[in-house]
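The values are calculated or read from the model by the stated rules, or taken from the named source; none is laboratory data. Bear in mind that the values here come from a model prediction, so they are computed numbers and not experimental data. Please note: Cβ atoms are built from the backbone with ideal geometry, for glycine as well, and neighbour counts cover all protein chains shown.
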Amino acid sequence: MKALVYGGPGQKAWTDVPDPTIQSPSDVIVKVDTTTICGTDLHILKGDVPAVAKGRILGHEGVGTITEVGASVTSLRVGDRVIISCIKSCGHCVNCKAGLYSHCLGEEGASGTGWVFGHLIDGTQAEFVRVPYAENSLYLLPEGVSDQQAVMLSDILPTGFEIGVQYGRVKPGDTVAVIGAGPVGLAAISTAGLYGAATVIAVDLDAHRLEKSREFGATDVVLSSDADWKEQVMLLTDGQGVDVAIEAVGIPETFTMCIDVVRPGGNVANVGVHGKAVQLHVEDLWIRNINISMGLVNTNTTPMLLKLVAQQKVPADSFATHHFTFDEFMEAYDTFARAAETKALKVVITA
Ligand SMILES: NC(=O)c1ccc[n+]([C@@H]2O[C@H](COP(=O)([O-])OP(=O)(O)OC[C@H]3O[C@@H](n4cnc5c(N)ncnc54)[C@H](O)[C@@H]3O)[C@@H](O)[C@H]2O)c1
Ligand SMILES: [Zn+2]
Ligand SMILES: [Zn+2]
């Protein structure tokens, strides 16, 4: 088969590799029909994720059709259309039972690490992929949900919803600021309304992304390069600060921005993956009664989000800005890597 293979920092190729095979009775093989690229794949390609070995097939998002099932798999059949979740879940370890799939103790990839695809085991940017613990890590796709919609449920929609909206404890009437209107920030924006957020303020450096954020439910937008960006946010909250500030960039500056705009008693939900140390001034913050949360997506809300996508209550299609076929994989990467210029959000790549 063909797959997108990591060759060390700065190197990748769409090339021939052996087909995956069933390794364990709970595995299935999925023919990948649709996949996409995540910002994390770009981090890997820069060499920022040293755990990824040369020769690894990248990708942790995908939708496909089952072609083979392991001996112990009873609830999935050849021919089933499925969403491949970015997180493996064995379903029976203590963390899986608590819904904390991100820390699944199953041995596949590494015990205690839920994100294994395109990281510690071969991923979804390939014609076929082996899915471990398939009955828990795959979600059957109902009629009426397109591949393009479903692929947004592998990672970005659960991430924005679980780590942004749920961990941020958004409640009816809240004012929510989302710092960073990339795919993950937009996922938080598009799901904040599910818990009744009244005002959703998108904050970004990119005017195009801010404009786009209105399509996802942002009620107000603030350009963070404006000298008075903070005053603009404060004005939208009667000077009190936001109830929930969601960080969806992953740099110290934007975490601090969240701290700066949250009201006393509010919540800061960090979604961004940080590569640099972030200073937390507890000596100033303790008196403000704020809560800070963070985490890796569990994807335990995927079935619920899938229902809402099926009912057009979450605008999954709006994330897809560019379309490619598998033989245009390198072009797809190039377009996604130059997102500011190309205005790409998610590139949809089909077999
Ligand atoms: N916690 C998790 O489980 C999880 C899962 C997936 C992704 N993530 C992380 O979420 C973050 C967002 O992912 P993405 O794919 O949307 O990334 P992205 O790079 O596409 O989007 C980031 C956005 O932040 C904006 N930005 C950059 N600097 C800014 C600043 N100073 N002020 C305001 N906006 C600024 C950019 O213009 C861009 O629109 C990343 O750090 C990613 O690694 C976390
Ligand atoms: Zn991802
Ligand atoms: Zn588990």
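Against the test of being surrounded by 20 or more Cβ atoms within 10 Å (Cβ to Cβ), in contact with a Lys or Arg (Cβ under 7 Å, 6 or more places away or on another chain), touching a residue at least 12 places away in the same chain (Cβ under 8 Å) and within 28 Å of residue 260 (Cβ to Cβ), the options 181, 192 yield a single qualifying residue, 181.
Tell me the residue from 325, 335, 299, 321 that is under 25 Å from residue 255 (Cα atoms) and of a type outside the set (Gly, Ala, Ser), please. Selected residue: 299, the only one of 325, 335, 299, 321 that is under 25 Å from residue 255 (Cα atoms) and of a type outside the set (Gly, Ala, Ser). For the stretch 68-79, check the following and say yes or no: at least one residue is in contact with a Leu (Cβ under 9 Å, 6 or more places away or on another chain), acidic (Asp, Glu) and either closer than 24 Å to residue 31 by Cβ or more than 8 Å from ligand 3 (Cβ to nearest atom) (or both). No; the residues of the stretch 68-79 include none that is in contact with a Leu (Cβ under 9 Å, 6 or more places away or on another chain), acidic (Asp, Glu) and either closer than 24 Å to residue 31 by Cβ or more than 8 Å from ligand 3 (Cβ to nearest atom) (or both).
When residues in the stretch 301-339 are screened for being more than 26 Å from residue 127 (Cα to Cα) and polar (S, T, N, Q), 3 of them pass. Among the conditions (1) within 16 Å of ligand 3 (Cβ to nearest atom); (2) under 19 Å from the mean Cα position of the chain (by Cα), the only one that residue 92 does not satisfy is (2). Given the options 64, 79, 70, name the one that is of a type outside the set (A, V, I, L, M, F, W, C) and at positive phi. Answer to the selection: 79.
With respect to residue 24, is the statement that it is modelled with pLDDT of 95 or more, within 16 Å of ligand 3 (Cβ to nearest atom) and of a type in the set (S, T, N, Q) true? For residue 24, the condition - modelled with pLDDT of 95 or more, within 16 Å of ligand 3 (Cβ to nearest atom) and of a type in the set (S, T, N, Q) - is met. Close Cβ contacts (under 9 Å, 6 or more residues apart or on different chains) running from residues in the stretch 56-84 that are free of Cβ contacts under 8 Å to residues at least 12 places away in the same chain to residues that are among the polar types (S, T, N, Q) are absent.
Within the set 249, 221, the sole residue that is touching a helix residue (DSSP H, G or I) at 6+ places or on another chain (Cβ under 7 Å), surrounded by 15 or more Cβ atoms within 10 Å (Cβ to Cβ) and of a type in the set (Val, Ile, Thr) turns out to be 221. Within the stretch 200-212, residues that are of a type in the set (D, E, K, R) sit with their Cβ atoms under 7 Å from residues that are buried (at least 24 other Cβ atoms within 10 Å of the Cβ) and outside any helix (DSSP H, G or I), at 6+ positions apart or across chains, in these pairs: 204/180; 204/181; 209/181.
For residue 310, state whether it is surrounded by fewer than 19 Cβ atoms within 10 Å (Cβ to Cβ), over 22 Å from residue 269 (Cβ atoms) and hydrophobic (A, V, I, L, M, F, W, C). Taking the combined requirement at face value, the residue satisfies it.
To keep it simple, each residue is scored yes or no on (1) in the same structural domain as residue 323 (by TED's automatic domain parsing); (2) within 16 Å of ligand 2 (Cβ to nearest atom); (3) touching a Gly at 6+ places or on another chain (Cβ under 9 Å).
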| residue | (1), (2), (3) |
| --- | --- |
| 41 | yes, yes, yes |
| 47 | yes, no, yes |
| 54 | yes, no, yes |
| 57 | yes, yes, yes |
| 63 | yes, yes, no |
| 75 | yes, no, no |
| 87 | yes, yes, yes |
| 91 | yes, no, yes |
| 94 | yes, no, no |
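Candidates 113, 124, 67: the one that is away from ligand 2 (no atom under 15 Å from the Cβ) and either within 14 Å of residue 302 (Cβ to Cβ) or in the same structural domain as residue 331 (by TED's automatic domain parsing) (or both) is 67.
Scanning the stretch 221-248 for residues that are more than 13 Å from residue 199 (Cβ to Cβ) and free of Cβ contacts under 8 Å to residues at least 12 places away in the same chain yields 226, 227, 228, 231, 239.
In the stretch 14-52, the qualifying residues are those that are away from ligand 1 (no atom under 16 Å from the Cβ) and under 18 Å from residue 347 (Cβ atoms), and the one that is nearest to the chain's Cα centre (by Cα) is 34.
Pairs linking a residue in the stretch 85-114 that is closer than 16 Å to residue 166 by Cβ to a residue that is more than 16 Å from ligand 1 (Cβ to nearest atom) and not hydroxyl-bearing (Ser, Thr, Tyr), with Cβ atoms under 9 Å and 6 or more positions apart or on different chains, are 100/94; 101/90; 101/91; 101/136. Annotation: of all residues in the stretch 318-330 being surrounded by 14 or more Cβ atoms within 10 Å (Cβ to Cβ) and out of contact with any strand residue (DSSP E or B) (no Cβ under 6 Å at 6 or more places or on another chain), the one that is nearest to residue 215 (Cα to Cα) is 318.
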